[in-house]
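So the structure is just underneath, and the comments pick up after that.
What follows draws every value from the coordinates through simple rules; no lab data is involved. Computed from a predicted structure; not experimentally measured. For neighbour counting, all protein chains shown are included, and Cβ atoms are generated from backbone atoms with ideal geometry for every residue, glycine included.
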Ligand SMILES: Cc1ncc(COP(=O)(O)O)c(C=O)c1O
């Protein structure tokens with residue numbers, strides 16, 4: 001594939017690596033070489049000797065003196081090598097991208113990032129030009145919309161439902177353009193799609209494989225790059241992991257952002273970017289100049305934990321995490337049914353941490369929250385922030401169930417119901433006639 005279509009001027013200018021990095025790499029393994037070319041701090045001055053981390057399950061992971069010395073030094077912007085290799089095996093085992101089969105192994109296809117947010121943001125930064133139309137699902141992650149607006153892009157909404165982005169809606173949005181114009185640099189055919197394939201925040205929808213295939217075919221027709229932001233992959237409910245876009249990527253048009261935030265811990269700030277070597281290496285170069293690399297100590301700790309748990313233990317842990325959130329979801333679903341029937345509708349989330357509630361009697365959830373949230377002591381995110389047209393009123397609310405104790409979920413839904421009823425009582429005529 002020719003990736004020039006997807007890159008903005010900065011993305012085009014970014015080179016992989018620098019002259020100095022190349023020089024240092026070329027001399028580092030030569031016997032008897034005295035290199036005065038680098039600029040590393042002296043490791044004898046690093047303060048930490050070794051460390052033991054006690055895990056809640058009774059395991060202990062130990063970072064010995066040599067590992068600790070290594071992780072306190074600068075290292076590769078692709079990631080701390082042992083962890084990066086683990087990540088590569090992880091991507092191959094879960095997603096096995098078809099286009100990697102005969103690809104040149106020496107080129108970067110994955111890198112460790114400081115979370116999925118860094119990965120997809122850096123991709124947007126190298127691709128988006130002022131005025132570009134970028135396809136997003138309605139609804140989608142509010143920060144992704146923030147990012148796109150900041151970069152001067154126009155988020156172009158494609159309606160989703162309980163199973164995520166609707167392929168027919170995508171086709172209808174794209175029917176405004178002709179596929180043959182996609183590669184004309186002067187046309188305004190969208191070139192990027194940002195999508196959360198599993199347990200979408202805020203809707204909780206997971207795109208089934210058949211829909212992914214249909215969307216992928218449309219992406220091929222119009223030569224779109226798919227940015228797959230998948231931090232909730234392991235939070236899919238019911239023990240099934242729906243195959244990713246990366247796993248059906250025959251062309252090399254998917255850039256995938258994984259996250260260790262919800263399946264491990266967000267504070268370590270770790271994730272993975274995988275996809276076409278040329279594009280990943282440009283992001284790597286950006287990270288190299290702006291940050292050098294993700295935190296080595298965090299990478300080493302996570303790597304040791306995964307080694308201690310082994311493949312089966314890690315899978316078991318991820319199933320337990322998904323089961324935990326599923327119990328939280330079940331509690332919120334049953335309380336929502338108890339208190340909100342007749343006032344709101346909601347579909348069962350297929351994963352993740354949120355219930356997406358549609359108020360059937362109130363057209364503007366933002367007003368409701370701004371007017372009544374404090375007095376009723378119940379806060380939720382208004383739906384409008386998850387759609388491209390943020391100024392339009394939205395009847396949706398996003399309710400998070402990840403951290404609230406189960407005992408409080410029922411109280412929360414009761415308070416929401418009371419808040420809605422009070423608002424309706426203030427102007428009953430308005431609510432009786434409202435249709436949306
Ligand atoms: C859709 C989506 N992408 C990315 C992120 C951030 O992930 P990370 O912590 O890996 O940067 C979040 C977290 O809220 C999210 O909901």
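Things worth noting here:
- Computing FRET efficiency as 1/(1 + (r/R0)^6) for residue 93 and residue 4, where r is the C-beta to C-beta distance and R0 is 45 Å, gives about 0.90.
- R0 of 56 Å, Cβ-Cβ distance residue 26-residue 422: FRET efficiency to nearest 0.05: 0.20
- For the stretch 284-357 and the stretch 146-162, distance of Cα centres in Å: 23 Å
- If the chain linking residue 327 and residue 348 were pulled fully straight, counting 0.36 nm for each residue of separation and taking away their Cα-Cα distance, it would gain 6.3 nm.
- When shorter helices are ignored and each DSSP H run of at least 4 residues is given -39500 (n - 2.57), the per-residue value for the chain at 222 nm works out to -13000 deg cm²/dmol.
- The stretch 86-164: relative contact order in percent, alpha carbon pairs under 8 Å with at least 6 residues between: 26 percent
- Neighbour-count ranking [beta-carbon atoms within 10 angstrom, fewest first] of 287, 347, 112: 347, 287, 112
- In this rough spin-label picture, where each label sits 7 Å from Cα along the Cβ direction, the residue 149-residue 169 distance is 1.9 nm.
- Highest-fluctuation residue, 340, 224, 148 considered, GNM on the chain with Cα pairs under 10 Å: 340
- Legend: ranking of residues 315, 109 from fewest to most surrounding C-beta atoms inside 10 Å; resulting order 315, 109.
- Highest-fluctuation residue, 227, 48, 145 considered, GNM on the chain with Cα pairs under 10 Å: 48
- Alpha-carbon centroids, the stretch 75-90 and the stretch 177-214: separation in whole Å: 29 Å
- Degrees separating the helix 406-426 axis from the principal Cα axis of the chain, which is the longest one: 50 degrees
- Result for the chain in a Gaussian network model with C-alpha springs under 10 Å: among 132, 410, 181, the largest mean-square fluctuation is at 181.
- Peptide packing: for 49-58, 13-22, the average count of neighbouring Cβ atoms within 10 Å per residue gives the ranking 13-22, 49-58, highest mean first.
- In this rough spin-label picture, where each label sits 7 Å from Cα along the Cβ direction, the residue 308-residue 334 distance is 3.5 nm.
- Rounded to 0.05, the FRET efficiency of the residue 64 and residue 241 pair, given R0 = 25 Å and the Cβ-Cβ distance, is 0.15.
- P(r) tail for the chain: Cα pairs beyond 28 Å make up 54% of the total.
- Using a simple spin-label model with pseudo-atoms 7 Å out from Cα toward Cβ, residue 289 and residue 15 lie 1.1 nm apart.
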